[in-house]
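Each remark here refers to the structure printed beneath this line.
The values are calculated or read from the model by the stated rules, or taken from the named source; none is laboratory data. Predicted model only: the values in this text are computed from it and were never measured. Because the Cβ atoms are built from the backbone with ideal geometry, glycine has one as well, and the counts that use them run over all protein chains shown.
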Amino acid sequence: MKRTIPFTLFLYGLLLVLSGWYVVPFCWALVTSVKHPGMVFDGRWLPYTRAKSLDVGGRMVEAQVLQELGDSLVVTLGGMPGQRVVPRAALESVSPAWHNYTDAWRIVPFGKYFLNSALVSLCITLGQLITCSLGGYAFSRLQFPGRDAVFLLYLATLMIPGPILTVPIYMLLRQYHLLNTYQGVILPGLFSAYGTFLLKQFFQTIPKDLEDAARIDGAGVVSLYFRIILPLSGPALAALATFVFIGSWNDFFWPSIVLTDPGMLTLPVGLAHFNDIYMFEYGRLMAGCMISIAPAVLMYMVFQRFVTRGVVMTGLKG
Amino acid sequence: MITRTTRHALIGYAFLLPNVLGLILFTLGPIVFSFVLSFFDWNLFAGPVFVDMANYRAMFAPVSRFWYYLGNSFFFLLTVPVQMGIALLVAYLLDKNLRGTLVFKVLFFIPVVLSVIPIAMIWGYILDTQNGLLNGILGTFGIARIAWLFDPAWIRIGVSLMAVWQGSAFGSIIYYAALQGIPAHLYEVATLDGAGEARRFWSITVPLLGPTHFFLGITGAIGALQMFAPIYTMTHGMPGGAHNLLIEIYMKGYQEFHMGYAAALSWVLFLTIFLLSTMYWKNLRSHAENA
Amino acid sequence: MPARIIGTLIGALVLTAALFFYLLGDDPSQFVNFSTWGTATEIASFQRLIDHYNATRSPRHRVRLSHGEQIQYTERLIVQAAAGNLPDVMHLDRKDLPLFVSRGMCEDLTPYMERDSSFHITDYLPALLPGCKVGTQFYAVPHNFSTLVLYYNKSHFDAEGIAYPDSTWTWDDLLRAARRLTRRDAQGTIARYGCMMTLAVQTLIAQNDGRVLNATLDSCIVASPGAAGAVQFIVDLSEKYGVSWSMLSQNIQWDDMFAGGRLSMIANGRWAAPWYMRTMQPGSIDAAPLPRGKLRRGGAVNHIMAVASQSTKKDEAWQFVKYLVSEEGQRMLNDDGANIPALRSLVYSDAFLRHHTTPTMNNSVFLEELPHSVVWPFEQGIYVTHFVLQTQLELAIRRVLLGQMTAMQSLRIMQDNVNGVIQSHRTAPDAVPFFGSVLSYVCGACAAGLFLFLVRRRGVRLPGRG
């Protein structure tokens, strides 16, 4: 199809406006993460740093900023009477505070939190792939009494408001000494109606002929699952794995309730403890945020191809 | 003797076993517990006292402001069509395969991978009254500062902006994937018939995405009726006009310690969502049958 | 191909199972569990202290640190108490004590103190002791505190020729100085704010002879002329005089504004001092007492150590509490300069008065403010948590800021709301007999429905057969 040039330009214009809507907040966060303390809320888009002394005739004199006036600063100079107005450039220069990142890394045990998060997210992802694919297969291919009733029940669980489940689950975990353990975080996350629903939809799109052929060869239900269904569902499993991984990587509420040992916290929870009223360095805090989201961003970039393919094949396509 | 049917059924149950176990332990059990709890008064200190319908009666008393909170829950439903519209537009643009699409694709999807705290921080700044980005932009048009996250009248809008931002990014992933599945020859035929870009969009793209609209619509609506974390984190627990039913459940349960009342509220919210979803489902099915 | 997949799956299962068993938690009852909150730095410092303690004690004294988020720390402990899962030693704020004691969560420590000849409660600052008592009994031991002071930028005062704040300052002096310190640019936008008093709201109410809760902490009495006057003063600072930042804005920015020279005075706690010193030119900042209203009142956060009454290791817990407030424990706490230790001999020595993080600051201000301090940032009732009160007051101030009503009207709404919550807890509901209740009919109907369903199902072939 040929497109006219004005129309292409129009499309680009729209793309740019929309990317502004998505990207500007993120860019602001990136810039803030390298801003210097005291200069975070100066209303500028670049990270400025302000020198504490000024070169006056070859001598370095301590300079105190009294007021900001557009492009100039009102300052007092140490040992000299009166106030003077100097251009901003005399005291301020653009310099990213990269040390925010090293400081954040040093103060918060990100390495440990990272491993904790990785362990929890991988276990949940793996577990959901197993339980959801088993369930999806049963709902889409097997015949047994009560199947549809159980499936409806399953869908209904999607609609249950989360907070009300916390107290009973908390008490359950306490009963089995699972509080403050990784299992306590992982176990409730292993089962997902959403994932089962997604995989059931996908398995239904796999042609039945393949199974019939295999059945003639004497394959049973179990071997059909392993030989036909699983090998053909790579993209759908990858899509589900990506969503589950990102979801559990970012999960905050449940880990923050179960985990209390400071050495066992996951990244988002550890980060929240970093963000309390004793914490003044907004730039450093933002640097911590950026470090914490990096793995999920990378994961997404690597797997986005599969996500697209997986979703196309789950029957949500046109 | 085990017949083939019984064997099939047994295998079916075996496949479902892990799921059903999880369902019973972590969802059904707790939900039954909370149903029973909703007939009790329990403040976490004294043991639960059976009060029958008292929690439900209290809920519909005027002082409880139940209808106001429910109304706020419904307000967030308005974000669903908006975010679906933006998502569709983004997906449509990405599907045009312009140069540099890959870069845009990664950038557009960033909101999806951010976690609660960075999002609350970023949007807290954007919507800030004094130094915020949005008020800065509006200021250049001569619009006075709006206390997006502090004025009870505006909080709903402020939170919705954020919800649309994140929700539309997720929607565009799904829409983009779905667009890949529309056969190109349909467009070619339409072009030969003299259909313009707009006509092709409305007559081919939009109708063929039916299942996707349905999926995003229903999950988006369930999510919107249960919106919690964005409101709570962005308003620091003072949601003003964004005080919806789920926030009320959390506050009554975990701040004022009326666990039974919170359970009763959850059940009402659950039934509301369930009824609406069923209606939506039925309605859609009858449409499909008539078409 | 299938063999490979089955192999992978089995491998994955084995791996998951192995991880599960490897990670199985330790039985919590073999430790003395100690719960606290705080930043990563504070946690690291507690962990060092605990490691040191564990290395020198027998295994049954071994302590394990557990950590909760600060914002909902009180609520979290209450949920833990209901689950029978309270940590043995609890780091608390003094505001928590009346609530927790009234719910039977804390052990009476008076007998422990009397039995233990190596412990002397008189070693600690006397002003901190009332916060550890309920009635005549000690339920906790003082650990550290932080007083609310007025930090000011000396160079701003010098440039305007204003005398530095001192203990004689009143609200009028504060306002007068703030108006002179506020600077606007050519367009009239404020380029430098005079003062920021938002963190002191509750203290200002107390200074103006107002109270949020009554003396027995079971009724809200905030709708008084004193409290309304204080709220009006806070609102006027931004709305009428334009010397302060509106409370309808994010609070995370103040400290950065102060450090960047865009704010001249800020009321804040001791924890801010080391950071201000590090970020600003050390000579340009100092601390002064809060200005006084009708009464002289300050604000102080007092952190205390309590032992859970549910604990099965109370004696071990008491030993650890003693260690936390010992000379050694208090010295380690004092090191970062963010908290002030409770041990009298330590705070009145150069270890605090010339603290290495704030050597040029008037550190004795923090001690002088303590004796007349009220609970800060917010008190807590025995039926409502501080979170509810704080939220309600902030909402009340917002209504005034938005011009919706007067301070008095707004505080009356707050008082009604809070007393509503209190009332709902005070009046225990009457128990209803189960038989004859609506729930019993619902259960009966469900049982009957299930029975009919099963009976009808009998004659029907199971779906999927054949």
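Residue C:284: among the polar types (S, T, N, Q), touching a Lys or Arg at 6+ places or on another chain (Cβ under 6 Å), under 25 Å from residue A:49 (Cα atoms) and in the same structural domain as residue C:181 (by TED's automatic domain parsing), yes or no? Outline the logic, then answer.
Values: among the polar types (S, T, N, Q): yes; touching a Lys or Arg at 6+ places or on another chain (Cβ under 6 Å): yes; under 25 Å from residue A:49 (Cα atoms): yes; in the same structural domain as residue C:181 (by TED's automatic domain parsing): yes.
The answer is yes for residue C:284.
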Please go through region C:239-260 and pick out each residue that is touching a residue at least 12 places away in the same chain (Cβ under 8 Å), surrounded by fewer than 21 Cβ atoms within 10 Å (Cβ to Cβ) and within 20 Å of residue C:391 (Cβ to Cβ). C:246, C:251
I'd like the full set of residues that are within 14 Å of chain C (Cβ to nearest Cβ) and closer than 30 Å to residue B:187 by Cβ, limited to region A:1-33. none
Reported set for region C:51-84 where residues are of a type outside the set (S, T, N, Q), farther than 17 Å from residue C:39 by Cα and not in a helix (DSSP H, G or I) is C:57, C:62, C:63, C:64, C:83, C:84
Consider residue C:114 carefully, then state whether it is of a type in the set (D, E, K, R) and loosely packed, with under 13 Cβ neighbours inside 10 Å. yes
Of the residues in region A:34-62 that are within 24 Å of residue B:131 (Cβ to Cβ) and away from chain C (no Cβ under 14 Å), the one that is surrounded by the fewest Cβ atoms within 10 Å (Cβ to Cβ) is A:45
Over region C:394-414, the set of residues under 26 Å from residue B:258 (Cα atoms) and surrounded by 23 or more Cβ atoms within 10 Å (Cβ to Cβ) is C:396, C:410, C:411, C:414
Which one is farthest from residue B:35 (Cα to Cα) among residues in region A:141-190 that are outside any loop (DSSP other than H, G, I, E, B), within 13 Å of chain C (Cβ to nearest Cβ) and of a type in the set (S, T, N, Q)? A:183
Would you confirm whether any residue within region B:247-266 is out of contact with any His (no Cβ under 7 Å at 6 or more places or on another chain), facing another protein chain (nearest Cβ under 8 Å), assigned to a helix (DSSP H, G or I) and farther than 24 Å from residue B:35 by Cβ? no
Which of the residues belonging to region A:164-174 are surrounded by fewer than 21 Cβ atoms within 10 Å (Cβ to Cβ) and either modelled with pLDDT under 80 or under 15 Å from residue A:198 (Cα atoms) (or both)? A:166, A:171, A:174
For region A:114-125, give me the residue count where each residue is surrounded by 21 or more Cβ atoms within 10 Å (Cβ to Cβ) and within 11 Å of chain C (Cβ to nearest Cβ). 5
Could you look through region A:191-210, keep only residues that are more than 14 Å from chain B (Cβ to nearest Cβ) and in a helix (DSSP H, G or I), and pick out the one that is farthest from residue A:235 (Cα to Cα)? A:209
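Mind telling me which of the residues A:205, A:196 ends up being among the polar types (S, T, N, Q), buried (at least 22 other Cβ atoms within 10 Å of the Cβ), farther than 30 Å from residue C:64 by Cβ and in the same structural domain as residue A:242 (by TED's automatic domain parsing)? If you could, list the steps in order and put the result at the bottom.
Values: A:205 fails: buried (at least 22 other Cβ atoms within 10 Å of the Cβ).
Sole residue among the options that is among the polar types (S, T, N, Q), buried (at least 22 other Cβ atoms within 10 Å of the Cβ), farther than 30 Å from residue C:64 by Cβ and in the same structural domain as residue A:242 (by TED's automatic domain parsing): A:196.
Report yes if residue B:124 is at pLDDT below 90 and over 24 Å from the mean Cα position of the chain (by Cα), otherwise no. Write out each step before concluding.
Working: at pLDDT below 90: yes; over 24 Å from the mean Cα position of the chain (by Cα): no.
No: the conditions fail for residue B:124.
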Positions within region C:127-156 being more than 22 Å from the chain's Cα centre (by Cα), of a type outside the set (Ser, Thr, Tyr) and either surrounded by fewer than 23 Cβ atoms within 10 Å (Cβ to Cβ) or over 30 Å from residue A:66 (Cβ atoms) (or both), in sequence order: C:135, C:137, C:154
Among the residues of region A:85-94, is any within 12 Å of chain C (Cβ to nearest Cβ) and either of a type outside the set (Phe, Trp, Tyr) or closer than 26 Å to residue C:285 by Cα (or both)? yes
Could you check region B:214-230 and list, in sequence order, the residues that are hydrophobic (A, V, I, L, M, F, W, C) and either assigned to a helix (DSSP H, G or I) or facing chain A (nearest Cβ under 8 Å) (or both)? B:214, B:215, B:216, B:218, B:221, B:222, B:224, B:225, B:228, B:229
Taking only pairs six or more apart or across chains, which ones have beta-carbon atoms under 9 Å, a first residue in region B:26-53 that is within 8 Å of another protein chain (Cβ to nearest Cβ), and a second residue that is surrounded by fewer than 16 Cβ atoms within 10 Å (Cβ to Cβ) and charged (D, E, K, R)? B:49/C:430; B:51/C:430
Residue B:219, sole failed condition from (1) without any contact (Cβ under 8 Å) to a residue 12 or more places away in the chain; (2) on the phi > 0 side of the Ramachandran plot: (2)
Which condition number in (1) within 14 Å of chain C (Cβ to nearest Cβ); (2) of a type outside the set (A, V, I, L, M); (3) within 30 Å of residue C:194 (Cα to Cα) is the one that residue A:111 fails? (3)
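Based on this model, can you work out whether residue C:16 counts as touching an Asp or Glu at 6+ places or on another chain (Cβ under 7 Å) and either hydroxyl-bearing (Ser, Thr, Tyr) or at pLDDT 90 or above (or both)? Even if it seems obvious, please write down each step before you answer.
On the way: touching an Asp or Glu at 6+ places or on another chain (Cβ under 7 Å): no; either hydroxyl-bearing (Ser, Thr, Tyr) or at pLDDT 90 or above (or both): yes.
Judged against the criteria, residue C:16 is not a match.
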Those residues that are part of a loop (DSSP other than H, G, I, E, B) and either over 17 Å from residue A:135 (Cα atoms) or not assigned by TED's automatic domain parsing to the domain that holds residue A:299 (or both), I need them from region A:221-266; list them, please. A:251, A:252, A:259, A:260, A:261, A:265, A:266
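Does residue C:439 meet the test of being modelled with pLDDT of 90 or more, surrounded by 15 or more Cβ atoms within 10 Å (Cβ to Cβ) and not assigned by TED's automatic domain parsing to the domain that holds residue C:79?
Working: modelled with pLDDT of 90 or more: no; surrounded by 15 or more Cβ atoms within 10 Å (Cβ to Cβ): yes; not assigned by TED's automatic domain parsing to the domain that holds residue C:79: yes.
Considered against the rule, which asks whether it is modelled with pLDDT of 90 or more, surrounded by 15 or more Cβ atoms within 10 Å (Cβ to Cβ) and not assigned by TED's automatic domain parsing to the domain that holds residue C:79, residue C:439 comes out as no.
Per-residue answers, yes or no, for (1) away from chain A (no Cβ under 14 Å); (2) over 20 Å from the mean Cα position of the chain (by Cα):
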site	(1), (2)
C:259	no, yes
C:293	yes, yes
C:297	yes, no
C:302	yes, no
C:322	yes, yes
C:350	yes, yes
Could you tell me whether residue C:59 is modelled with pLDDT under 80 and either among the charged types (D, E, K, R) or farther than 14 Å from residue A:263 by Cα (or both)? no
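Tell me, please, whether a residue that is surrounded by fewer than 16 Cβ atoms within 10 Å (Cβ to Cβ) and free of Cβ contacts under 8 Å to residues at least 60 places away in the same chain can be found in region B:259-271. Quick ask: steps written out before the conclusion?
Going residue by residue through region B:259-271, those that are surrounded by fewer than 16 Cβ atoms within 10 Å (Cβ to Cβ) are B:271.
Checking which are free of Cβ contacts under 8 Å to residues at least 60 places away in the same chain leaves us with B:271.
The answer is yes, given that some residue of region B:259-271 is surrounded by fewer than 16 Cβ atoms within 10 Å (Cβ to Cβ) and free of Cβ contacts under 8 Å to residues at least 60 places away in the same chain.
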Could you tell me which residue of region C:238-253 is farthest from the other protein chains (Cβ to nearest Cβ), considering only residues that are within 16 Å of residue C:191 (Cβ to Cβ) and part of a helix (DSSP H, G or I)? C:238
Of all helices (runs of 4 or more DSSP H) fully inside region B:31-117, the set with 3 or more residues that are closer than 28 Å to residue C:79 by Cβ and in contact with a helix residue (DSSP H, G or I) (Cβ under 6 Å, 6 or more places away or on another chain) is B:54-59, B:66-75
